[in-house]
Amino acid sequence: MPKTFPDSQPSRLTIVLADWCPHCVPLSEDRVRELGERLGIPVRRLDIDDTAEEREADALVKAHGDWSPDYLIPQVFLQWTDGRVDHILTGFPEGVSRTRRAWDELFQSEWVRHLASAREA
Amino acid sequence: MSPSPAGPEKFVLAPFGSCLYHCSGRTRPHAIANARGPIGWVYTCPGGTVSTVAFLGGTRRPSPARVRRYLQSRTERSEHVRPRDLRAATRHGPELGPAAERWVAGPGGRQPIHLLYWRRYPRKMGRSYSYLYACFRHGAGEVRFYPAPGSRKVRQCPFCLAKT
């Protein structure tokens, strides 16, 4: 599970996606924006069909995510003020409904509640 | 459906999914196993096509080469299991529900759960498409894969010649 550190705060969320992917748009794009609002941080969108963004997405997934030659999307990452990057979610090939449930569970998780309450404190 | 898994795999088993390329129907998992226990699930749709296959790596990343060898040895010879059709996924716990979150955060600081998915996309064959089908009549936890045109009403497993 992604850890929390007292001296560091979440600074940005990044979603790696494609417009044609039903796990990504609108589902994960909406949910990551909602998560960003909850944590009070901006969201960056990297589209794998945009050459420049794809380069960034590939580097991010290779360094911190679930890398495969033709990797799964969406993948979501949380960047911290100390520069750390945590991979937090990869889409579920079992079906869009499973990816939706994963987002629901994430929002109700202790981890997200902890992050959100730390922000409010 | 297969017996409920007992280990951390119970957190990653989806009781059903959806077929993306054949019929959009509800898929269901069939457990596959080796002598040491469960190794994953084959999700098939109501039309019998294989939607996706999920391999459990537990707290270690499954080896794509090993999974590919496993698949190739259980797939009709004409069918090539492409390395690029194998895709990794990590489940950290919070996205799997409270029980999984507690398990991953449990004593000893357990590691996330790793999976490797195989999806063989439909291939155009003349006017129709070839889909992947699975036969589960090869012993407990075993499977054989073979391609067949989606238009064919009766299919025959090339390994055991059983018709479905």
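What follows is calculated from the coordinates using simple rules that are stated; it is not laboratory data. Quick caveat: nothing in here was measured; it's all calculated off a predicted structure.
Lysine pair count for the protein assembly as shown (Cα-Cα distance under 29 Å; residues 8 or more apart in sequence or on different chains): 6.
In terms of its alpha-carbon gyration tensor, the protein assembly as shown comes out prolate; a/c meets the 1.5 threshold, and the first ratio a/b outweighs b/c. Of the beta bridges in chain B, as assigned by DSSP with both residues counted there, near 95 percent are antiparallel.
Counting only alpha carbon atoms, the long axis of helix B:64-73 and the longest principal axis of chain B meet at about 40°. Each Cα pair of chain B feeds into the Kirkwood radius, which the Stokes-Einstein equation turns, at 20 °C and 1.002 mPa s, into a diffusion coefficient of 129 µm²/s.
For helix A:96-108, report the angle its Cα long axis makes with the longest principal axis of the Cα atoms of chain A; keep it between 0 and 90° and round to the nearest 10°. So the helix axis and the longest Cα principal axis differ by about 10 degrees.
Determine the shape class of segment A:49-121: with a ≥ b ≥ c the square roots of the Cα gyration tensor eigenvalues, call it rounded for a/c under 1.5, and otherwise prolate if a/b is greater than b/c, oblate otherwise.
Working: a/c = 2.67, a/b = 1.28, b/c = 2.08.
Oblate, because a/c is 1.5 or more while a/b does not exceed b/c.
Kindly work out what percent of the DSSP beta bridges joining two residues of the protein assembly as shown are antiparallel, to the nearest 5.
Antiparallel bridges make up about 90 percent of those DSSP assigns within the protein assembly as shown.
From its DSSP helices (H runs of at least four residues, each -39,500 (n - 2.57)), the protein assembly as shown gives a residue-normalised ellipticity at 222 nm of -7000 deg cm²/dmol. DSSP assigns beta bridges within chain A; of those with both partners inside it, close to 70 percent run antiparallel. Helix A:110-120 and the long axis of chain A differ in direction by around 60°, with both axes built from C-alpha atoms.
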